[in-house]
Structures are given as C-alpha cells and as structure tokens.
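One structure coming up, written as structure tokens, with questions to follow.
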Amino acid sequence: MEVKKIGVIGAGQMGNGIAHVMAIAGYDVVINDVNQTALDGAMATIQKNLARQASRGKISDSDVQAAMARITPTLSLADIGATDLVIEAATERETIKQAIFEDLQPHLKPHTILTSNTSSISITRLASRTDRPERFMGFHFMNPVPVMQLVELIRGIATDEETFAACQTVVERLGKTAASAEDFPAFIVNRILMPMINEAVYTLYEGVGSVKSIDESMKLGANHPMGPLELADFIGLDTCLAIMNVLHDGLADTKYRPCPLLTKYVEAGWLGRKTQRGFYDYRGETPVPTR
C-alpha cells in the first residue's frame, strides 16, 4: 500500500521532529496532542528548525513554506484516524500508549498502519491490544529526528510483510536508513546504549571518577561525540531509568539493574536538560557538574 497521509500522536520533542521530516519529504501530516499549548509550541519549533535548515542552504525558503502548509495540528484524535500511517510518539509509558490506541481504534480506516516510536516497550504486547496486530510495528526515530539518520523498524510477532515494506519505503523517502530489529526489550540501539550510560552512572556512584572525568574519558578516549552523562541529561534521566527498568524486568538479568544514583536523581526531579538539572546544572551560562 502507498502511504500518503501520516498521523503523529504527541507534539513533544520526538513528535514535532517526526512531523518536520515527514512534511519535508512531501507527506501530508496531522499532528495531535491533548494540549493546545504543546501543539502551538510544536508548530513554532518546526518553523524555527526549518528556517535554520534554510539558512544553511539545505532547503529553500519555498520548501519551508510548503512543509509548514502540509502540517495540520489538531486536538482531536479522530482526525488522526483518516491517515494511512499513524506514528504514536507519546510519553514512554505503556498504559498511556495502550489508552491512545484504544481511543483511536474506532476512527481508523481499515488499511491504516499503526506504529509506535517507543524506545523499549514490547511491540507485540502493544499490538495485541489493537484490532490490527498484523498492521502494527515499531517505528523508532533517534533524537533529534531531523539530524539523526537511523530509524529502527521493529516487527511484532504478528506484523505482516506488507506493513514492514510500507514503513521501509517511508524511511527511504525520508533519506534515512532503516535498521531491522527483533522485538526484544530496548531493541538494538538502547539495548547497547543504556547499559553503557547506566555503567557510567555506577562509575560515578562508586567514586571511580567525577562527572567531568567520566565524560572527558569517553569523549577523548573512545572518540564519543558526547560523554555518557551529558548524553543521559540530553535524553532525560527519567527516560534512561524507564528503559533500564524495561531491560531489567524483560530480560531478568542483574547486569541491567538500574544504578541507585540514577534512581535518586529521578526521584529528585533532576531529569537533565529539560528540568535544568541532572548530572549537570544548566541554569547558568555554561553547564556545571553536579557531582
């Protein structure tokens, strides 16, 4: 089947990035959120990021106007049902995602493909709560969406080949690369990345190194563009903890036990950049390590 119109549920950092790249690729996009302020913020962010691309010569001013014209914000979940492909990009909590798909179901067209941008939750389990498990899969973008080239495509146990092929075609049209992953906790990227971040937090917790020395060691010693603690702040410490819990619960292996210090930061509400404090304090002109 050919995908022409795409619905994006969730107007946060991931949702607005997905709407951005879909519109640039020529798709008509409907973006939904429960909050008008979030929708307004998403449209402003997309406009700003498109303008930045234009200023760098990557797209033209007319491309910016055309892309913005393709995006329709809506508070009504029913408007999402009229699309060919739905990408759910809501908060990384399974109960929220299940409730969204349940509310969406009466409005869907028979051929509509459902996908989730989840970074770790079982696709098979999410699909089983819908009326179309064969047309359900994981569509996991990396953050920031307009910049990162990889998309993980995750089949659930029931996903059919036509659904996978349709999603793969969309990824190709975006100019991105698809990595096919099996439906195991955290898939490929986060199965490898999150334990590394968790181990960096353990290294801090045990006093092996400071925030600065750990990040500098990985940047200069392993040629990583960003240190693991700086990266954790960028992702959000609550998200990191949620993914570690999915790994720990899903694979039942103690090597995935979340570091108590990571839990403590989340309990304190120090979630990283989005709350201005995490492993670094972002309230001044330059980030300052908090340990």
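The values are calculated or read from the model by the stated rules, or taken from the named source; none is laboratory data. Note that the structure is a prediction, hence the values are computed from the model and not measured. Cβ atoms come from the backbone with ideal geometry, glycine included; neighbour counts cover every protein chain shown.
Looking only at the stretch 34-50, how many residues end up being surrounded by fewer than 13 Cβ atoms within 10 Å (Cβ to Cβ) and modelled with pLDDT of 95 or more?
4
Residues of the stretch 47-102 being among the hydrophobic types (A, V, I, L, M, F, W, C) and assigned to a loop (DSSP other than H, G, I, E, B), which ones?
Listed by number, the residues that qualify are 59, 75, 89, 90.
Continuing with this model, one more query. Is there a residue being buried (at least 21 other Cβ atoms within 10 Å of the Cβ), in contact (Cβ under 8 Å) with a residue 12 or more places away in the chain and not aliphatic (A, V, I, L, M) anywhere in the stretch 78-89?
Yes, the conditions are met somewhere in the stretch 78-89.
Moving to a separate point now. Quick check on my filter: what residues within the stretch 170-187 are in a strand (DSSP E or B) and surrounded by 14 or more Cβ atoms within 10 Å (Cβ to Cβ)?
178, 179, 181, listed by residue number.
Could you check the stretch 90-124 and list, in sequence order, the residues that are surrounded by 14 or more Cβ atoms within 10 Å (Cβ to Cβ) and of a type in the set (Gly, Ala, Ser)?
Within the stretch 90-124, 90, 116, 119, 120, 122 meet the criteria.
Moving to a separate point now. Would you mention how many residues in the stretch 10-46 are in contact with a Phe, Trp or Tyr (Cβ under 9 Å, 6 or more places away or on another chain) and assigned to a strand (DSSP E or B)?
So the count comes out to 0.
Further question: Limited to the stretch 239-264, what total is found for residues that are surrounded by fewer than 20 Cβ atoms within 10 Å (Cβ to Cβ) and farther than 12 Å from residue 201 by Cα?
Going through the stretch 239-264 one residue at a time, the tally reaches 9.
Here is a check on your reading of the model: is residue 220 more than 25 Å from the chain's Cα centre (by Cα), over 26 Å from residue 14 (Cβ atoms) and surrounded by 15 or more Cβ atoms within 10 Å (Cβ to Cβ)?
In short, no.
Mind checking whether some residue in the stretch 5-28 is farther than 20 Å from residue 171 by Cα, of a type in the set (Asp, Glu) and either surrounded by fewer than 20 Cβ atoms within 10 Å (Cβ to Cβ) or not assigned by TED's automatic domain parsing to the domain that holds residue 239 (or both)?
Checked the stretch 5-28: no residue is farther than 20 Å from residue 171 by Cα, of a type in the set (Asp, Glu) and either surrounded by fewer than 20 Cβ atoms within 10 Å (Cβ to Cβ) or not assigned by TED's automatic domain parsing to the domain that holds residue 239 (or both).
If you take the residues in the stretch 265-287 that are free of Cβ contacts under 8 Å to residues at least 24 places away in the same chain and not in a loop (DSSP other than H, G, I, E, B), which one is surrounded by the most Cβ atoms within 10 Å (Cβ to Cβ)?
Looking at residues that are free of Cβ contacts under 8 Å to residues at least 24 places away in the same chain and not in a loop (DSSP other than H, G, I, E, B), I get 277.
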